[in-house]
Amino acid sequence: MKSFPFFFKLQGLSCLVVGGGEGARHKASLLHRAGANITLVADQLLPATRQFVSDNRLKHLSVGYEPEQLQGMRLVIAAADADLNREIAKDARARGIFVNAVDMPEISDFYFPSIVDRSPISI
């Protein structure tokens, strides 16, 4: 078995999402629904991502990624371009932080499963 499935309690944990596109919005939405405290780093946001950040009062840093932004984070989502995702993954791993690089399973520590949410039951 190459991967081990488990559920991770995110309520109140600090998570960093880097990227301003649809992938970042989708992953931030999932983390938000799980109760994570999300910081989204992107110098530019697509309109849907901007709306999501505004509606959910997420912390948004309108700057580029810097390794110092990993301080205090428990989980990281790299949803930028491939080169930046590799840099983020390397930096996160050096700090012992699990990272998911969107659409890059070869450098991700964990994966997002398909989810059917019929609360209180999720499949």
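The values are calculated or read from the model by the stated rules, or taken from the named source; none is laboratory data. These numbers come from a predicted model, not from an experiment. Note: ideal-geometry Cβ built from the backbone for every residue, glycine included; neighbour counts use all protein chains shown. All accessible areas refer to the heavy atoms of the entire protein, side chains included, with ligands and DNA or RNA removed. Shrake-Rupley method; radii C 1.70, N 1.55, O 1.52, S 1.80 Å.
What is the set of long-range amide H partners of Leu61 at a cut-off below 5 Å, with H atoms built 1.01 Å from backbone N?
Long-range HN contacts for Leu61: Leu40, Val41, Ala42.
Could you give each residue of the range 45-52 its phi-based ³J(HN,Hα) in whole Hz, using Karplus coefficients 6.51, -1.76, 1.60 with θ = phi - 60°, and x for Gly or Pro?
10, 5, x, 5, 5, 4, 5, 4
Kindly write out, for the range 112-123 in residue order, the coupling ³J(HN,Hα) from the Karplus curve 6.51 cos²θ - 1.76 cosθ + 1.60 (θ = phi - 60°), rounded to whole Hz, with x marking Gly and Pro.
Going residue by residue, I get 8, x, 5, 10, 10, 9, 10, 2, x, 9, 10, 10 Hz, with x marking Gly and Pro.
Under a cut-off of 20 Å between alpha-carbon atoms, report the lysines in cross-link reach of Lys90, not counting same-chain residues fewer than 8 places apart.
Here the lysines satisfying the reach criterion relative to Lys90 are Lys27.
How about Lys2: which aspartates and glutamates have a C-alpha closer than 13 Å to its C-alpha, ignoring those fewer than 8 places off in the same chain?
Glu106, Asp109
Determine which aspartates and glutamates satisfy two conditions relative to Lys59: a Cα distance under 15 Å, and not lying fewer than 8 residues away in the same chain.
Those aspartates and glutamates meeting the cut-off are Asp43.
Give the dimensionless ratio obtained when the Cα radius of gyration of the range 78-123 is divided by 2.2 N^0.38 Å.
In units of the 2.2 N^0.38 Å rule of thumb, it is 1.40.
Sort Ile123, Ile107 from largest to smallest accessible area, using a 1.4 Å probe on the heavy atoms of the protein chains. Before the final figure, lay out the partial values.
Details: Ile123 135, Ile107 30 Å².
Result of the area sort, largest leading: Ile123, Ile107.
Sort the following peptides by mean Cβ neighbour count (other Cβ atoms within 10 Å, averaged over residues), highest first: 15-26, 76-87.
Going by the mean number of other Cβ atoms within 10 Å, highest first, we get 15-26, 76-87.
Where does the chain land at 222 nm, in deg cm²/dmol rounded to the nearest 500, when only DSSP H runs of n ≥ 4 count, each adding -39500 (n - 2.57), divided by all residues? Display every interim value, and only then the final one.
On the way: 3 runs with 35 residues, N = 123.
Helix contribution divided over all residues of the chain: -9000 deg cm²/dmol.
Please compute the per residue accessible area over the chain with all protein chains in place, 1.4 Å probe, rounded to a whole number of Å².
Numbers: 7780 Å² over 123 residues.
About 63 Å² of surface per residue is accessible.
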